[in-house]
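Read-outs throughout are calculated quantities, based only on the coordinates presented, and are distinct from any laboratory measurement. Note that this is a predicted model, so its numbers are computed, not measured. We place every Cβ from the backbone using ideal geometry, glycine too, and count neighbours over all the protein chains shown.
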Amino acid sequence: MTRPNSPLSDLKQPARRAASHPWIETLARFGYAAKGVVYFIVGLLAAQAAFTTGGKTTDTSGALTTIVNQPFGNFLLALVTIGLIGYVLWRVVETIFDPEHSGEKTNAKRIVQRIGYGFSAIAYSGLALTAVKLIVGTGHTNGNATQDWTARFMGQPLGRWLVGLAGLVVIGVGGSYLYQAYKADFQRHLNRHQMSQSEQHWAKRLGQFGLASRGVVFGLIGLFLGLAALHSDAREARGLGGALATLARQPFGPWLLGTVALGLIAYSIYCMIEARYRRIAQP
């Protein structure tokens, strides 16, 4: 006797067909390019702050403000916004279907990866929403957004513990980036058979430098979240811009900030490489 399909199966099949549409791959590649643009601006501004007078570090939201303030800024930011939305859609597909490992048995590592994809989709959804608000003129970037969100969480039951746990998770993410940079296993996500030997070499080096820099930044963000939880003071929390500014205030700060800034620029270039050569598997 044939068992009837469950309602979940009935919904999943149309969703899988939609996720397999060629436009999803196009939007995903556009998304990696948009992500590269954002990180290039963050890295460039950080490099200016490190090596010139009058420069200022910023985060990804600040990068969007920089774009919108340029000539034809609304049009340029609209293109970036479409890319960010495409990136979010691709992360949602990866969260639900994990197409890169389709047909493989699910294990703890795969589950953790998919949870990470989900959080990435949420984070970039917020960034895309910020971009939309900037385009229509109803929004502004808040340099204290991390502190605001930390304060909200700490005002909840067990909020201090949740913030501390978030700090540990972010430190873990930073550690995973450093590990990926060391092992260079991120190359498996690229269609290397389409690349020349020189392209493969530079993709590896740029990816390693970029991921290592992200690892340092995420480690600092997680550390500040942990300090905020430990001292019950949301003002100690720092986002990307705050972490970069903290580097600048250390001994040899300009060199530390400059190195990380160049790493973020390297990461932005690697994102562009992903836009061209990333393996986009169908679910």
Item checked: Added length on full extension, which subtracts the Cα-Cα distance from 0.36 nm per residue, Val132 to Arg152 -> 4.8 nm
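What's the FRET efficiency of Val112 with Thr53 using the Cβ-Cβ distance as r and R₀ = 30 Å, to the nearest 0.05? Intermediate results must be reported in sequence, preceding the final value.
Details: r = 44 Å, r/R0 = 1.46.
Efficiency, from the Cβ-Cβ distance: 0.10.
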Check: Quick one: Kirkwood hydrodynamic radius for the stretch 141-235, alpha-carbon pairs, angstrom, one decimal?
Finding: 15.0 Å
Checklist line | Residue-by-residue Karplus 3J(HN,Hα) for the stretch 206-220, coefficients 6.51, -1.76, 1.60, Hz, glycine and proline x | finding: 5, x, 5, 5, x, 5, 4, 5, 4, x, 4, 5, 5, x, 5
Checklist line | Karplus 3J(HN,Hα) series, Hz, for the stretch 252-266 with 6.51 cos²θ - 1.76 cosθ + 1.60 (x for Gly, Pro) | finding: 6, x, x, 6, 5, 5, x, 5, 5, 4, 5, x, 5, 5, 4
Check: Along its principal axes, what span do the Cα atoms of the chain show, with the longest given first and each in whole Å?
Finding: 72, 53, 42
Next item on the list: At 0.36 nm per residue, minus the direct Cα-Cα distance, what do Trp161 and Asn144 gain on full extension? Give it in nm, one decimal, please.
Entry: 4.0 nm
Note to self: Please give the charge dipole size of the stretch 20-277, origin at the Cα centre, charges +1 on K and R Cβ atoms and -1 on D and E Cβ atoms. Round to the nearest 20 debye.
What the structure shows: 220 debye
Margin query: Quick check for me: using +1 on Lys/Arg Cβ and -1 on Asp/Glu Cβ, what's the dipole size of the stretch 19-136 about its Cα centre, in debye to the nearest 20?
Written below: 140 debye
Check: Of the lysine pairs in the stretch 20-277, how many meet both conditions: Cα atoms under 19 Å apart, and a spacing of 8 or more in sequence or different chains?
Finding: 4
Checklist line | Cβ-Cβ FRET estimate between Arg205 and Ala281, R0 fixed at 35 Å, reported to 0.05 | finding: 0.85
Check: In which sequence would Arg114, Arg29 go, from the one with the fewest C-beta neighbours within 10 Å to the one with the most?
Finding: Arg114, Arg29
Check: Against the longest principal axis of the chain, how steep is helix 22-51, in degrees 0 to 90 to the nearest 10, with axes from Cα atoms?
Finding: 10 degrees
Note to self: As a footprinting exposure proxy, order Asp185, Asp98 by other Cβ within 10 Å, with the fewest listed first.
What the structure shows: Asp185, Asp98
Next item on the list: Using 0.36 nm per residue of separation minus the Cα-Cα distance, give me the extension gain between Trp255 and Ser196 in nm, one decimal.
Entry: 17.9 nm
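Within a 10 angstrom radius of the beta carbon, how do Phe153, Phe252, Phe51 rank from fewest other beta carbons to most? Don't skip to the answer; put the middle values down first.
Values: Phe153 20, Phe252 10, Phe51 14.
If I rank by nearby Cβ atoms, fewest first, I get Phe252, Phe51, Phe153.
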Notebook entry, point to check: What are the residues whose amide H is under 5 Å from the amide H of Leu190, where those residues sit 5 or more places off or on another chain and H is modelled from the backbone?
Noted result: Arg279
